[in-house]
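The values are calculated or read from the model by the stated rules, or taken from the named source; none is laboratory data. Worth saying up front: this structure is predicted, and the values here are computed from it rather than measured. Positions of Cβ are generated from backbone atoms using ideal geometry, with glycine treated the same way; all protein chains shown enter the neighbour counts.
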Amino acid sequence: MPGSPANPFRIKSPELLVAESGADLSGHGLRRHMGLFQLVCFGVGAIVGTGIFVGLSDSVAQAGPAVVVSFVLAALTCVFTAFAFAELGGAIPVSGSSYSFAYAGLGEGTAFLVGWCLLLEYGVSVSAVAVGWSQYVNELLHSRVGWQLPPVLSAGPGDGGVVNLPAVIVIALAAVLLVRGVRESARATAAMAVLKLAILVAFCAIGFTAFRHGNLTPFAPAGLGGIGAGTTAAFFSYIGFDAITTAGEEAKNPRRNIPVAILVCLGLVTLLYCAVALAAIGAIGGPEVGGRPAALSYVVNQVTGSTLGGGVIAFGAVVAIASVVLAVMYGQTRILLSMSRDGLVPRVFERVSPKTSTPVSGTLVVAAVFAVPAAFSSLDAVVNLCTIGTLATMAVVNVVVIVLRRREPGLARSFRVPLYPVVPLLGVGFCGYLMYETGWTTWVQFAAFLAAGCLVYAFYGRRHSRAATGAVTPDATAVERQAV
C-alpha cells in the first residue's frame, strides 16, 4: 500500500542512481553487451529515418535551398545539448537518460515530468515513425510490383483511410526483436544502420551527378522566417540521438563509450543530412522536392529515368525507418524501467526476464499502447508535439549540467562540457527558440499534456514513489538529499 506522498523536490544523488541501477531490484539485471561500435550504430539507428526520408520535403517546403542552414541550426541546438548528454551520460551511466539526470539535479517532481515528456520523444514518435514507414512500404511495392496497399489499410482516418496496418506491423516486429535480447537487437540495429548509411551515400552520389547551381536560387525564398520554420521541421530529423544514454546499463565501459558515441553519431548524421539536402535540391530544385511524399525516391527516379533506383531508395527507407522504431522503442522501455524502479509508474515496466535479460512485459505494453496512434493518426498530427516535448527535456538536461557542476563538483566526469557555462546556457536558449517556432497551437497541446502529467504524478506518482513508501535501497537515506 502506498504511504504518505513523497516530497516532489527530493533528489537522488548520482551515486545512488548508479548504485540502484546495479541493485537488481527485480531479481534479474540487464547485461552489458554493447561496445562503442554498437552504440554508434544504435544512435544512427535512432536518428536516421523518417526525418530525412519523409520529413526532408516538409523542411524544404519551409526553407527552400536554405534548408541546409536549417539543418545546421538544428544540429547546433543538438550539439550544445549533446555535450550536456555526454557529460551526464558518462557521469551517471543508467538507463533513465534525461529522467535520471533530472532526478539527480532538480528533484522527483521535475524528473517525473521529464519522463512524461519522454513519452512524446520516444513513445509517440514511434507512432509517427511507423506512419512514415508505411508510406515507403507503399512506394516500394509500387516501384517493384506496380501495386500498392489500398488506403483503407495503409492510412489512418485523417489521411483518407481506416487503419494503417503496416505501421502496426513494424511496431510488432520491433517488439518481437526487442524481447529476444539486447545482443540480437544490437546486431540487427548495426546491420540496418550500415545499410541505410550506404544507401544515403549512394543517393548523394546519384543526386550530385545531376547537380545544377541554378536550382539553389533563390536560396532563401521565405527569408529568415522560412529558415526558422525549416529549422523546427528539421529538428525532428535529429530526435533520438540522446537514446544512446538509455543504454547506460547495457553498454561496455559506459563512462567512456557513451560520450564518444553521442558526439561521433551527431557529427556523422549532420554531414550526411546536409549532403542529402544539397543533392536532392541541386538535382531537381526546391519546388519539386518540397511537400512531396517519398521525395528521395522521386529524385532518383527523375535523375536516372528509371524506377529501379527509386525502388532501392524506398527499400533503404523501409530498413532505415524500421531501425528507428526498434531503437526508439528500446529507449522508451528503458526509461519506463527506471521510472518503475522508483515507483512512479506501474511495476510491470521494471520486470526483467531471467531468460533474455530484457523487460519483456514492459516492451509488449509499450508496443500495444503506441500501435494505436500509429494505426489511426497521421504523421503531421504528432510531429510538432514530439518536437516541443523533446526540446523541453533537452533544455532541462542543460540546466542539470549547471546544477550538478555547482552541487556535485567532485562527481567523476569522463567528459566535461567545454566553455562552461556558456555552452549549456546556449543550449537552453536554442531549445527555447525552437520551442517558440512550433507555434501557439502546439504550445496549447503541450500545456494540456503537461497538465495531464501533473495530475498523474499527484494522484499516482507521489503516492507510489518508493521515496514515499520507504522501498529504497538500504543506504538510500544516507545519500538522498533535499533539493535546495
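Things worth noting here:
- Exactly one residue out of LEU364, LEU391, LEU344, LEU336 is over 17 Å from the mean Cα position of the chain (by Cα), part of a helix (DSSP H, G or I) and either modelled with pLDDT of 85 or more or on the phi > 0 side of the Ramachandran plot (or both): that is LEU364.
- Test: residue in region 153-174 that is of a type outside the set (Lys, Arg) and touching a His at 6+ places or on another chain (Cβ under 6 Å): no
- Which listed residue is farther than 24 Å from VAL456 by Cβ and surrounded by fewer than 22 Cβ atoms within 10 Å (Cβ to Cβ), from PRO373, PRO346, PRO287: PRO287
- Qualifying residues in region 414-462 (those that are free of Cβ contacts under 8 Å to residues at least 60 places away in the same chain and of a type in the set (Val, Ile, Thr)) - the one farthest from TYR99 (Cα to Cα): THR441
- Some residue of region 163-179 being farther than 30 Å from THR356 by Cβ and touching a Gly at 6+ places or on another chain (Cβ under 8 Å): yes
- Within region 261-280, the set of residues being of a type in the set (A, V, I, L, M), under 20 Å from THR81 (Cα atoms) and out of contact with any Ser or Thr (no Cβ under 9 Å at 6 or more places or on another chain) comprises ALA261, LEU263, VAL264, LEU266, LEU268, LEU271, LEU272.
- THR270 vs. criteria farther than 17 Å from THR209 by Cα, modelled with pLDDT under 85 and β-branched (Val, Ile, Thr): no
- Considering region 399-484, the qualifying helices (runs of 4 or more DSSP H), each wholly inside and each with 2 or more residues that are within 24 Å of the chain's Cα centre (by Cα) and at pLDDT below 95, run over 422-437, 440-456.
A quick yes/no check of all residues on (1) among the small types (Gly, Ala, Ser); (2) within 21 Å of GLY115 (Cβ to Cβ):
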{"position": "ILE402", "(1), (2)": "no, yes"}
{"position": "ARG405", "(1), (2)": "no, no"}
{"position": "GLY410", "(1), (2)": "yes, no"}
{"position": "ARG413", "(1), (2)": "no, no"}
{"position": "TYR420", "(1), (2)": "no, no"}
{"position": "TYR433", "(1), (2)": "no, no"}
{"position": "GLY439", "(1), (2)": "yes, no"}
{"position": "LEU450", "(1), (2)": "no, yes"}
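- In the condition set (1) out of contact with any Pro (no Cβ under 7 Å at 6 or more places or on another chain); (2) under 19 Å from LEU118 (Cβ atoms), SER323 is compliant with all but (2).
- Pairs linking a residue in region 288-302 that is closer than 11 Å to ALA314 by Cα to a residue that is of a type in the set (Lys, Arg), with Cβ atoms under 9 Å and 6 or more positions apart or on different chains, are TYR298/ARG292.
- Filtered by the rule that a residue be of a type in the set (Gly, Ala, Ser), under 18 Å from the mean Cα position of the chain (by Cα) and under 19 Å from GLY248 (Cβ atoms), region 68-110 gives ALA82, ALA84, ALA86, GLY89, SER95, GLY96, SER97, SER98, SER100, ALA102.
- Restricting ALA128, ALA167, ALA193, ALA155 to those that are in contact with a strand residue (DSSP E or B) (Cβ under 6 Å, 6 or more places away or on another chain) and buried (at least 23 other Cβ atoms within 10 Å of the Cβ) reduces the list to ALA155.
- The requirement of being in a helix (DSSP H, G or I), modelled with pLDDT under 85 and over 30 Å from GLY282 (Cα atoms) is fulfilled nowhere in region 98-105; no residue meets it.
- Filter result for ALA381 (in a helix (DSSP H, G or I), modelled with pLDDT under 90 and small (Gly, Ala, Ser)): yes
- Odd one out for SER340 among (1) farther than 22 Å from ALA74 by Cα; (2) in contact (Cβ under 8 Å) with a residue 60 or more places away in the chain; (3) surrounded by 20 or more Cβ atoms within 10 Å (Cβ to Cβ): (2)
This table checks each residue for (1) of a type in the set (Ser, Thr, Tyr); (2) without any contact (Cβ under 8 Å) to a residue 24 or more places away in the chain; (3) not in a helix (DSSP H, G or I).
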{"residue": "ILE199", "(1), (2), (3)": "no, no, no"}
{"residue": "THR232", "(1), (2), (3)": "yes, no, no"}
{"residue": "PHE236", "(1), (2), (3)": "no, no, no"}
{"residue": "GLY267", "(1), (2), (3)": "no, yes, no"}
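- Summed over region 137-194, residues that are more than 16 Å from PRO293 (Cβ to Cβ), in a loop (DSSP other than H, G, I, E, B) and in contact (Cβ under 8 Å) with a residue 12 or more places away in the chain total 2.
- LYS355 satisfies every condition listed in (1) farther than 30 Å from SER13 by Cα; (2) more than 19 Å from the chain's Cα centre (by Cα); (3) part of a helix (DSSP H, G or I) except (3).
- Check on THR358, modelled with pLDDT under 85 and under 20 Å from LEU17 (Cα atoms): yes
- Leading residue by the ranking (surrounded by the most Cβ atoms within 10 Å (Cβ to Cβ)) among those in region 170-190 that are small (Gly, Ala, Ser) and at pLDDT 85 or above: ALA174
- Residues in region 296-313 that are surrounded by fewer than 23 Cβ atoms within 10 Å (Cβ to Cβ) and part of a helix (DSSP H, G or I): TYR298, ASN301, GLN302, VAL303, THR304, THR307, LEU308, GLY309, GLY311, VAL312.
- Against the list (1) without any contact (Cβ under 8 Å) to a residue 60 or more places away in the chain; (2) buried (at least 24 other Cβ atoms within 10 Å of the Cβ); (3) not hydroxyl-bearing (Ser, Thr, Tyr), the condition ALA368 fails is (2).
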